[in-house]
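Enquirer: Please find one structure pasted underneath; my questions will follow.
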Amino acid sequence: MATAASRGPSEEWRAESTSVAGCGGSEPLVGHEGLPGRRSTGGHGHGHGHGHDHGAPVSREADRRYLWLALGLLTAFLVAELATALIVGSVALLADAGHMLTDAGALIGAIWASRLALRPARGKWTFGYSRAEILSASLNGITLLLVAILIGVESIHRLIDPPAVPGLPLVIVAAVGGLVNVAATWVLAKADRTSLNIEGAFQHLLTDAYAFGATFVAGVVLLLSGWDRADPLASLVVVGLLLRAAWSLLKAAGHVLLEGAPEDVDLDSVRTHLLGTAHVRDVHDLHAWVVTSDLPALSAHVVVEDSCFSDGHAPQILDLLQACIRGHFDVEHSTFQLEPAGHSAHEHGAHD
């Protein structure tokens, strides 16, 4: 066995690193020779976590099958409901039909976005078309908002001057439509709802299921009492549900598009973990964002001891940092710039 005096710089580093915790977390990481990740000869590290596969392409293909099945169920019923709404003059049924039309559009958009997201990164599209799913979710939120406004305005007009609406067609169509919509919602619930694209389409279906319930109640009230304001009141309930779903989607999509940090990544905790890594002296320019629903990313400038560069220890530092972020925060796309002390003094725009 070699003694400390006979070891080279790299051997001394390996011996030291296996005896300390890899970062500031509660569970120490293994020594450098056992760490996964990409090695670099310089001070800039970029890791993708090749040893950890979420199986996103397989999931997206399965999601597309669920989307197509849900779309088939909705389209078959949409034609019948729209015709009934126009014949009997029910704004509640028309509201349901209009919402189902946006549901169908949302499903088509989600299918298109899922297909785009499968395209590999190339040329100037360095992350591929992953953000297409976020744009689809934003579009779903906007359409929910527009439909809510249109239905709300018409419902208020009919609440002031209610027309005569037969209750029986409302009950029949709402009962059948509710069953179809519940079936479509159940199908889409099997998809990966951590994807904002899928969640957007799911919210469309879920609010429509509630809308059918409100329409069914309005039809029963009309049959039993003849109270003609039940129809527009049911539509206003639908409006409230649409606004709630629209706000939820637009808020989540806006967080991604505005490069907000992932909800489950605490940057203070990240900084603590990184500073707990051996030979790390400071961390600045720490950024975390979400490229798309299943791809969080992180970058940081990490100040290390000068000896890490002179002795060639930078690759092992990168291994530790990437393993820490991947193991403790499940962020597989990380980029670190290693710097000597004082380097940030001449960096333009540097911050904590």
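The values are calculated or read from the model by the stated rules, or taken from the named source; none is laboratory data. Here the structure is a predicted model, which means the values were calculated and not measured. Backbone-built Cβ (ideal geometry, glycine too); neighbour counts: all protein chains shown. Note: areas computed on protein heavy atoms with side chains; ligands, DNA, RNA excluded. Shrake-Rupley method; radii C 1.70, N 1.55, O 1.52, S 1.80 Å.
Enquirer: Please specify each residue of region 283-322 satisfying the condition of being farther than 30 Å from Ala113 by Cα, assigned to a strand (DSSP E or B) and in contact (Cβ under 8 Å) with a residue 24 or more places away in the chain.
Expert: The answer is His284, Asp285, Leu286, Ala300, His301, Val302, Val303, Val304.
Enquirer: How many residues are assigned to a helix (DSSP H, G or I) and either closer than 17 Å to Arg131 by Cβ or modelled with pLDDT of 90 or more (or both) if we restrict to region 244-266?
Expert: Here the count works out to 10.
Enquirer: Starting from residues that are β-branched (Val, Ile, Thr) and in a helix (DSSP H, G or I), keep the ones in region 182-197 and report whichever is most open to solvent (accessible area, probe 1.4 Å).
Expert: Here the answer is Val182.
Enquirer: Does Ala95 count as of a type in the set (A, V, I, L, M), open to solvent by less than 50 Å² (accessible area, probe 1.4 Å), modelled with pLDDT under 85 and over 19 Å from Ala252 (Cα atoms)?
Expert: Yes.
Enquirer: Here are some conditions: (1) in a loop (DSSP other than H, G, I, E, B); (2) crowded, with 22+ Cβ neighbours inside 10 Å; (3) of a type outside the set (Phe, Trp, Tyr). Leu107 meets all but one. Which one does it not meet?
Expert: The failed condition is (1).
Enquirer: Let me ask you something else. Determine whether Ser310 is open to solvent by 60 Å² or more (accessible area, probe 1.4 Å) and closer than 30 Å to Leu146 by Cβ.
Expert: Taking the combined requirement at face value, the residue does not satisfy it.
Enquirer: Hey, among the residues in region 198-248 that are under 16 Å from Ile149 (Cα atoms) and small (Gly, Ala, Ser), which one's surrounded by the fewest Cβ atoms within 10 Å (Cβ to Cβ)? Let's see the steps before the verdict.
Expert: Here is the first cut: in region 198-248, the ones under 16 Å from Ile149 (Cα atoms) are 204, 207-208, 211, 232-247.
Narrowing further to those that are small (Gly, Ala, Ser): 211, 234-235, 240, 245-246.
On the way: Ala211: 28, Ala234: 29, Ser235: 27, Gly240: 14, Ala245: 24, Ala246: 24.
That would be Gly240.
Enquirer: Kindly list the number of the only condition in (1) on the phi > 0 side of the Ramachandran plot; (2) free of Cβ contacts under 8 Å to residues at least 12 places away in the same chain that fails for Trp227.
Expert: Only one criterion in (1) on the phi > 0 side of the Ramachandran plot; (2) free of Cβ contacts under 8 Å to residues at least 12 places away in the same chain is unmet by Trp227, namely (1).
Enquirer: Sort out which residues of region 249-269 are out of contact with any helix residue (DSSP H, G or I) (no Cβ under 9 Å at 6 or more places or on another chain) and open to solvent by less than 60 Å² (accessible area, probe 1.4 Å), and write them in order of number.
Expert: Hit for region 249-269 is Leu267, nothing else.
Enquirer: Then there is this: Looking at region 270-300, which of its residues are modelled with pLDDT of 90 or more and open to solvent by 40 Å² or more (accessible area, probe 1.4 Å)?
Expert: The answer is Arg271, Thr272, Leu275, Arg281, Asp282, His287, Trp289.
Enquirer: (1) in contact with a helix residue (DSSP H, G or I) (Cβ under 6 Å, 6 or more places away or on another chain); (2) closer than 20 Å to Asp319 by Cα: which one isn't true of Asp282, the others all being true?
Expert: Every condition holds for Asp282 apart from (1).
Enquirer: Run Ile151 past the list (1) under 16 Å from Asp231 (Cβ atoms); (2) free of Cβ contacts under 8 Å to residues at least 60 places away in the same chain and report the number of the one that doesn't hold.
Expert: Every condition holds for Ile151 apart from (2).
Enquirer: In region 313-327, which residues are under 28 Å from Glu133 (Cα atoms) and either open to solvent by 10 Å² or more (accessible area, probe 1.4 Å) or among the hydrophobic types (A, V, I, L, M, F, W, C) (or both)?
Expert: Answer for region 313-327, where residues must be under 28 Å from Glu133 (Cα atoms) and either open to solvent by 10 Å² or more (accessible area, probe 1.4 Å) or among the hydrophobic types (A, V, I, L, M, F, W, C) (or both): Ile325, Arg326, Gly327.
Residue-wise test of (1) among the hydrophobic types (A, V, I, L, M, F, W, C); (2) touching a helix residue (DSSP H, G or I) at 6+ places or on another chain (Cβ under 9 Å); (3) open to solvent by less than 60 Å² (accessible area, probe 1.4 Å); (4) not in a helix (DSSP H, G or I).
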{"residue": "Thr102", "(1), (2), (3), (4)": "no, yes, yes, no"}
{"residue": "Arg115", "(1), (2), (3), (4)": "no, yes, no, no"}
{"residue": "Ser130", "(1), (2), (3), (4)": "no, yes, yes, yes"}
{"residue": "Gly141", "(1), (2), (3), (4)": "no, yes, yes, no"}
{"residue": "Leu144", "(1), (2), (3), (4)": "yes, yes, yes, no"}
{"residue": "Ala148", "(1), (2), (3), (4)": "yes, yes, yes, no"}
{"residue": "Val180", "(1), (2), (3), (4)": "yes, yes, yes, no"}
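Enquirer: Still on this structure, please answer the following. Criterion first (closer than 20 Å to Leu74 by Cα and touching a residue at least 24 places away in the same chain (Cβ under 8 Å)) does Gly219 satisfy it?
Expert: Details: closer than 20 Å to Leu74 by Cα: no; touching a residue at least 24 places away in the same chain (Cβ under 8 Å): yes.
So Gly219 does not fit the description; no.
Enquirer: For region 294-310, which positions are over 18 Å from Thr335 (Cα atoms) and of a type in the set (Asp, Glu)?
Expert: Result: Glu305, Asp306.
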